[in-house]
Every structure is written in structure tokens, then in C-alpha cells.
């Protein structure tokens, strides 16, 4: 996971990717695969996407609805 530092700029860090994910989820609840399709151009690989999702879960910004199988942005 890339965090901003002297070597890694904010734009290259995982934190800058949060905005991309949360913008999509602020419009509507979305499945993980659909979310990746919408945002994959912003990530270097799938692992980076999964890291960003994991961080947002740890920050309690995302919830997963088991019944509908979608991610929900927690405001």
C-alpha cells in the first residue's frame, strides 16, 4: 500500500484513489465488480483497488449489503 511520503506523491498514493471510489458510490450502491469496471483506469492493478477498498472498510466509509451484494457509501 502506497502512502504519501517524500518519495510517493499524493497523486500516486492509495489515499487519492478513495475519491474515485467514493464518487461512484455516492451516486448509487454498486457491486464490487461493477465498481472496478467504473474505476479500473485509476488503478495500476487489481491489488491496488483491493487495498483502497480495504482501507475504506477500515475507516468505516463502506458497508457491504449481503442481500443485494452491493457496496454502500456510509456518510
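Restricting attention to the range 52-75, report how many residues are part of a helix (DSSP H, G or I) and either at pLDDT below 95 or closer than 14 Å to residue 25 by Cα (or both).
We begin by selecting, within the range 52-75, every residue part of a helix (DSSP H, G or I); these are 52-58.
Subset that is either at pLDDT below 95 or closer than 14 Å to residue 25 by Cα (or both): 52-53, 56-57.
Number satisfying all stated conditions: 4.
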| note | Only unsatisfied item for residue 10, checking (1) touching a strand residue (DSSP E or B) at 6+ places or on another chain (Cβ under 6 Å); (2) modelled with pLDDT under 95, is (1)
| Restricting the range 9-30 to residues that are within 12 Å of residue 53 (Cα to Cα) and in contact (Cβ under 8 Å) with a residue 12 or more places away in the chain, the residue that is surrounded by the most Cβ atoms within 10 Å (Cβ to Cβ) | 21
| remark: In the range 42-72, residues that are under 23 Å from residue 12 (Cα atoms) and in contact with a strand residue (DSSP E or B) (Cβ under 9 Å, 6 or more places away or on another chain) total 5
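The values are calculated or read from the model by the stated rules, or taken from the named source; none is laboratory data. For clarity, every value in this text was computed on a predicted model and none was experimentally measured. Cβ sites come from the backbone with ideal geometry, for glycine too, and all protein chains shown count toward neighbours.
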